[in-house]
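See structure below.
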Protein chains: 2
Amino acid sequence: MQIQGIQKILREKGLKVTPQRVAILGALHEMHNHPTAEMIIEHIRETYPNIAMGTVYNILETFVRHGIVNKVNTDEDAMHYDGVTSMHHHLYSPETGQIEDYMDEQLNKMLTDYFQEKNITNFEIEKISLQIKGKFINN
Amino acid sequence: MQIQGIQKILREKGLKVTPQRVAILGALHEMHNHPTAEMIIEHIRETYPNIAMGTVYNILETFVRHGIVNKVNTDEDAMHYDGVTSMHHHLYSPETGQIEDYMDEQLNKMLTDYFQEKNITNFEIEKISLQIKGKFINN
DNA sequence: TCTTAAATAAGAATTATTACAAATTAAAAA
DNA sequence: TTTTTAATTTGTAATAATTCTTATTTAAGA
């Protein structure tokens with residue numbers, strides 16, 4: 001995505017367009033490896049050397065609040081982040097920490113349909129996602 | 001579960017039966033609220049006042065490694081733990097932090113069947129679980 | 001009962017994240 | 001374009017969660 005696209009997303013959410021925000025959202029759209037705050041800092045330091053730690057955490061939290069970034073929680077202590085907000089799932093290896101997107105429209109439909117019929121009392125569903133734990137083979 | 005049941009689980013895994021381990025696994029089987037290490041300590045302090053922090057973390061990690069306890073990861077920083085290891089899912093409210101078990105045999109079958117057919121290349125599935133995010137109503 | 005490898009205690013150290021106050025800046029208004 | 005102002009960022013300190021380390025204790029087999 002070009003920088004204009006990033007800026008558009010921020011404006012649509014009523015967020016001020018700052019270089020730090022553009023850099024972080026850009027990084028998340030480039031990276032695709034569900035990075036932690038640390039990994040994002042490392043990535044954007046190349047083009048933006050002086051960004052403050054706290055700013056990264058702060059901006060990520062803002063993005064999550066506005067629904068343009070999702071948290072990806074794993075068995076590790078550090079939080080991972082995801083720039084893809086459309087419905088999808090994750091393959092996750094606790095041994096290596098590797099996380100891969102698992103996109104599957106057929107599965108999405110199956111789950112959405114299932115929960116449309118099934119009525120869970122006392123709970124309003126906002127988002128469902130599958131964590132598929134196991135081992136990556138051949139890498 | 002009685003204490004003998006707890007001891008049996010530990011022995012079957014080749015783990016030494018210590019009072020600390022019995023207390024922690026017992027607590028997890030009693031609590032059903034997916035407690036953090038802190039919450040477990042608080043709970044067992046009543047009957048076991050002098051347990052060390054580090055011991056709790058250490059024991060929980062051992063239990064997870066032996067598959068008798070699972071980690072439940074949320075958007076929060078502190079890890080949650082679950083004494084129920086059979087296939088089930090979680091309703092989770094990021095706003096309040098509340099986590100409830102969602103048991104559904106029909107869903108389990110649907111998912112298991114689906115992934116039995118569907119062959120994900122390069123990945124060997126060990127466990128699948130759904131995180132259902134949203135809001136608890138009326139409480 | 002004795003022995004020993006394994007487990008626990010206590011507290012220090014580390015890591016991830018948040019909080020705070022001062023300085024800066026994006027964007028609206030003039 | 002300049003000014004204004006509220007929002008944002010910085011830098012650093014503080015906190016929270018977890019891990020590490022070493023000495024001590026203990027469960028369980030011989």
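For the range A:62-111 and the range B:4-18, compute the distance between their C-alpha centroids and round to whole Å.
36
What lysines does A:K71 reach when the alpha-carbon gap must be under 19 Å and sequence neighbours fewer than 8 apart in one chain are set aside?
A:K13, A:K127, A:K133, B:K71, B:K133, B:K135
Just round it to a whole percent: the fraction of Cα-Cα distances in the range B:3-82 exceeding 16 Å.
Values: 1431 of 3160 pairs.
Everything past 16 Å amounts to 45 percent.
Treat chain A as a sphere of radius equal to its Kirkwood radius over Cα pairs and apply Stokes-Einstein at 20 °C in a medium of 1.002 mPa s; give the translational diffusion coefficient in µm²/s, rounded to a whole number.
Numbers: Rh = 16.6 Å.
Once the numbers are plugged in, D ends up at 129 µm²/s.
Given the rule -39500 (n - 2.57) for each run of at least 4 DSSP H residues, summed and divided by the residues of chain B, what is its mean residue ellipticity at 222 nm, to the nearest 500 deg cm²/dmol?
Details: 5 runs with 58 residues, N = 139.
Using -39500 (n - 2.57) per qualifying helix, the result is -13000 deg cm²/dmol.
For peptide A:94-104, what's the mean number of Cβ atoms from other chains within 10 Å of each residue's Cβ?
Details: counts 4, 0, 0, 0, 1, 0, 3, 0, 2, 0, 3.
The shielding value for this peptide is 1.
Counting only DSSP beta bridges with both residues in chain A, tell me the antiparallel percent, nearest 5.
Numbers: 8 of 11 bridges.
Approximately 75 percent, going by the DSSP bridge assignments.
Measuring from a point 7 Å past the Cα of A:T96 along Cα-to-C-beta, which residues in the range B:98-139 have an amide N at less than 18 Å?
B:120-127
What does the charge dipole of chain B about its Cα centre add up to, to the nearest 20 debye, if the Cβ of each Lys and Arg holds +1 and the Cβ of each Asp and Glu holds -1?
Details: 13 positive and 19 negative charges, 115 e Å.
The calculated dipole for chain B is roughly 560 debye.
For peptide A:126-137, what's the mean number of Cβ atoms from other chains within 10 Å of each residue's Cβ?
Numbers: counts 7, 6, 6, 5, 7, 7, 9, 7, 7, 5, 3, 5.
Whole-number average of other-chain Cβ neighbours for A:126-137 is 6.
For the range A:83-116, list residues with backbone N below 19 Å from a point placed 7 Å from the Cα of B:K109 toward its Cβ?
Zone members listed by number: A:110-116.
Using only the alpha-carbon atoms, what does the protein assembly as shown span along each of its principal axes? Please give whole angstrom values in decreasing order.
Taking max minus min along each principal axis of the Cα atoms, the protein assembly as shown gives 65, 48, 44 Å.
Between 0 and 90 degrees, rounded to the nearest ten: what's the tilt of helix B:3-12 against the longest Cα principal axis of chain B?
70
Could you work out the mean count of beta carbons from other protein chains within 10 Å of each residue's beta carbon in B:110-118?
Values: counts 3, 6, 0, 0, 5, 3, 0, 0, 3.
If you average over the peptide's residues, the count of other-chain Cβ atoms is 2.
Report the calculated FRET efficiency for B:N50 and A:M53 (r = Cβ-Cβ distance, R0 = 41 Å), to the nearest 0.05.
Values: r = 37 Å, r/R0 = 0.91.
That gives a FRET efficiency of 0.65.
Read-outs throughout are calculated quantities, based only on the coordinates presented, and are distinct from any laboratory measurement. Worth saying up front: this structure is predicted, and the values here are computed from it rather than measured. When we count neighbours, we look across all protein chains shown, and the Cβ atoms used for this are built from the backbone with ideal geometry, even at glycine.
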